[in-house]
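I am attaching a structure below and will ask some questions about it afterwards.
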Amino acid sequence: MEIKQQLRLSQQLVMTPQLQQAIRLLQLSRLELVDEVRKELDNNPVLSDEEPLERTRNTPGEVRTVSEHGAGEEREYPRNEVKATEKVTREVDWEKFLENRTQQQSPSASGRSGFEDLPPIEQNLTKPGNIQDHLLWQLQMSDFAEDERRFAELVIGNLDEKGYLDLAGIERPDGTRTPDLTIEDLAAEAELHPDDAPLVLEMIQAFDPIGVAARDLRECLLIQARVAGYEDGEPELEIIKNHMHHLEKHNYQAIVREMKISLEDVYEAAKTIQEFESRPARNFTDTDDRTIGITPDVYVIKDADEFVVLDNDRGVQRLFINEALTKRLMKDPSAKEFIGEKLRNAQWLIRAIEQRRKTIIRVAECIVEKQRDFFEKGVAFLKPMILRDVAEAVGMHESTISRVTTNKYMHTPQGLFELKYFFNSSIRRVANEDIASESVKQAIKTLIDQEDKANPVSDQAIVEMLEKNEGIKIARRTVAKYREMLGILASSKRKRLF
């Protein structure tokens, strides 16, 4: 046994805070990046979103500190000023500093005027009303007693997203469920006599939209049929009351046998029932479900015979170092260490944002190069591509490509797409090269759109048509999976007889 000194050379990845920040920024969406920039502006006094009035020229002995996001140019900051060590006799007036900082960030200080002083248009949009708001407004306009009003509010509060009255029990953590409620239970809670509950419920169901607060599809359609003027004994009401199970399966012959009426009468009644609304709350969208506009991160524009990728820096604040404030604060010994750390953080943030922009551009350019046929001709010409293909082309790791393409969007001549959209598994063809799975989905959708609605094509028929027309060999279960992903019903449920 002896003690020896040995020299060993090894590689080790050290995740510095700066590297962690760069990785985190890379996977942020555009909206998340804007929010992150705003937070940093609030927390770091040396950062500013206003371009300095004077630019300092490069001189020997200076160190680069700022690369303007989206501008592609850098400015110099004197090294001897960053590392100032001279002592000063006065104290920093922090109250004055905060006051100046507030003035710098105020809209009036930026010199904006006119429309630029107004808040974003998104802040002025009217909140979309949901089904509950619409019904509560009608309730306020109606003549209800106090106990009836409390009962009506409980009914409206228990509507589901379709507009049905949902009184199902709640599932407990142990897997058991609480007992289902009844309208009598709601009446007891509202201190309403149970005999009055059905009448008040009927009054609510007559609100707009007709059929709201129904407890199932049958009751919903029945309410609409009665409001439309259909009476007991007519085929429409009888089918809704007693033959909904046959109607849902298009089993019209069974309805003919049981009701002893002609097939033509059944067809006419079914056509009328199909015009009723099965989801009363269809036209009411809650705030959480409202459509959100997507701002693309990059644009792909065709210039002559070439496709050019342009980054979209609108809406993302450009960051600068507040040199005047930094110089002033660095002269104070008590603030020098704090400001030095904030200055380094600001430099890293600006560089990380610029690196993020360049990385997205590189990946987008590679996608355009490999998917040129898609940009020229459309989805049918999308090629199979995986993360490794782009990673090898741009010299990055697959995990980096995955972060870059998540929640990043590209505006193209073919429409707006997430960068991840262009990565597809391959489907083997009988001949020629493989085809992307997304192209197969679109081919299936096209076949179904063109089908005879009275005789819809089955999944097996789609398999045969794809192999015959496109040379695509695919299993029936794969067709069924893609069809479900597209939100298309099976052929038996797509059939229309009128």
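How many residues are modelled with pLDDT of 75 or more, more than 24 Å from the chain's Cα centre (by Cα) and assigned to a loop (DSSP other than H, G, I, E, B) when one looks only at the stretch 13-49?
Final tally of qualifying residues: 4.
How many residues does the stretch 392-419 contain that are within 22 Å of A352 (Cβ to Cβ), in a helix (DSSP H, G or I) and out of contact with any strand residue (DSSP E or B) (no Cβ under 7 Å at 6 or more places or on another chain)?
9
So, in the stretch 241-278, how many residues would count as being at pLDDT 90 or above and of a type in the set (K, R)?
3
Continuing with the same structure: Just checking, which of D174, D216 is at pLDDT below 90 and more than 20 Å from E148 (Cβ to Cβ)?
D174
State which residue pairs qualify: first residue on the phi < 0 side of the Ramachandran plot and in a loop (DSSP other than H, G, I, E, B) and inside the stretch 205-230, second residue aromatic (F, W, Y) and modelled with pLDDT under 90 in any location, beta carbons under 9 Å apart, and separation of 6 or more residues or different chains.
Listed pairs, sorted by first residue: P209/F284.
Scan the stretch 242-262 and report the pairs whose first residue is over 15 Å from R218 (Cβ atoms) and whose second residue is charged (D, E, K, R) and at pLDDT 90 or above, with Cβ atoms within less than 7 Å and a gap of 6+ or a chain change.
From residues that are over 15 Å from R218 (Cβ atoms), the pairs are M259/E238.
Here's something else I'd like to know. Could we say that V404 is of a type in the set (A, V, I, L, M) and surrounded by fewer than 20 Cβ atoms within 10 Å (Cβ to Cβ) here?
no
Could you please find all residues in the stretch 381-400 being closer than 23 Å to Q20 by Cα, in contact with a helix residue (DSSP H, G or I) (Cβ under 6 Å, 6 or more places away or on another chain) and among the small types (G, A, S)?
If the condition is that a residue be closer than 23 Å to Q20 by Cα, in contact with a helix residue (DSSP H, G or I) (Cβ under 6 Å, 6 or more places away or on another chain) and among the small types (G, A, S), then A391 is the only one that fits.
Spot the failing condition for Q347; the list is (1) touching a strand residue (DSSP E or B) at 6+ places or on another chain (Cβ under 6 Å); (2) surrounded by fewer than 16 Cβ atoms within 10 Å (Cβ to Cβ), and only one is missed.
Result: Q347 fails condition (2) only.
Another question, then. Please find, among S402, S439, the residue that is more than 21 Å from the chain's Cα centre (by Cα) and either at pLDDT below 85 or polar (S, T, N, Q) (or both).
After ruling out the rest, the residue left standing is S439.
Here's something else I'd like to know. Is it the case that R344 is in a loop (DSSP other than H, G, I, E, B) and basic (K, R)?
Here the answer is no, as R344 does not meet what is asked.
Let me ask you something else. Could you list, in sequence order, the residues of the stretch 381-402 that are free of Cβ contacts under 8 Å to residues at least 12 places away in the same chain and not hydroxyl-bearing (S, T, Y)?
Answer for the stretch 381-402, where residues must be free of Cβ contacts under 8 Å to residues at least 12 places away in the same chain and not hydroxyl-bearing (S, T, Y): R388, A391, E392, G395, H397, E398.
Right, here's the next one. Is the stretch 318-341 home to any residue that is of a type in the set (V, I, T) and under 24 Å from L419 (Cβ atoms)?
no
Might you let me know whether the stretch 231-245 holds any residue that is aliphatic (A, V, I, L, M) and more than 30 Å from D160 (Cα to Cα)?
No, every residue in the stretch 231-245 fails to be aliphatic (A, V, I, L, M) and more than 30 Å from D160 (Cα to Cα).
Of the numbered conditions (1) part of a helix (DSSP H, G or I); (2) modelled with pLDDT under 85; (3) surrounded by fewer than 20 Cβ atoms within 10 Å (Cβ to Cβ), L329 fails exactly one; give the number of that condition.
With respect to (1) part of a helix (DSSP H, G or I); (2) modelled with pLDDT under 85; (3) surrounded by fewer than 20 Cβ atoms within 10 Å (Cβ to Cβ), L329 is out only on (3).
Has the stretch 459-467 got any residue that is modelled with pLDDT of 80 or more, loosely packed, with under 15 Cβ neighbours inside 10 Å and within 30 Å of A270 (Cβ to Cβ)?
The answer is yes; a qualifying residue exists.
Does I474 satisfy the condition of being at pLDDT 75 or above, over 26 Å from L247 (Cα atoms) and aliphatic (A, V, I, L, M)?
Answer is yes for this residue.
Are there any pairs with C-beta distances below 7 angstrom linking a residue in the stretch 316-340 that is over 26 Å from Q355 (Cβ atoms) to a residue that is part of a helix (DSSP H, G or I) and among the small types (G, A, S), with the two at least 6 apart or on different chains, and if so which?
Going by the 7 Å Cβ cut-off, the qualifying pairs are L329/A335.
Right, something else. Against the conditions (1) part of a helix (DSSP H, G or I); (2) free of Cβ contacts under 8 Å to residues at least 24 places away in the same chain, where does E354 fall short? Just the number, please.
In the conditions (1) part of a helix (DSSP H, G or I); (2) free of Cβ contacts under 8 Å to residues at least 24 places away in the same chain, E354 misses (2) alone.
Among the numbered criteria (1) touching a His at 6+ places or on another chain (Cβ under 6 Å); (2) surrounded by 18 or more Cβ atoms within 10 Å (Cβ to Cβ); (3) not in a helix (DSSP H, G or I), which single criterion is violated by Q317?
(1)
Still on this structure, I have one more. Being in contact (Cβ under 8 Å) with a residue 24 or more places away in the chain and more than 30 Å from D160 (Cβ to Cβ) is the filter here, so list the residues in the stretch 263-285 that pass it.
D265, V266, Y267, E268
May I ask you to list pairs of residues, at least six apart or on different chains, whose Cβ atoms are under 6 Å apart, with the first in the stretch 29-49 being farther than 21 Å from I339 by Cβ and surrounded by 18 or more Cβ atoms within 10 Å (Cβ to Cβ) and the second being of a type in the set (K, R) and at pLDDT 85 or above?
Filtered contacts from the stretch 29-49: no entries.
The values are calculated or read from the model by the stated rules, or taken from the named source; none is laboratory data. These numbers come from a predicted model, not from an experiment. Heads up, the Cβs are rebuilt from the backbone with ideal geometry, glycines too, and the neighbour counts pull from every protein chain shown.
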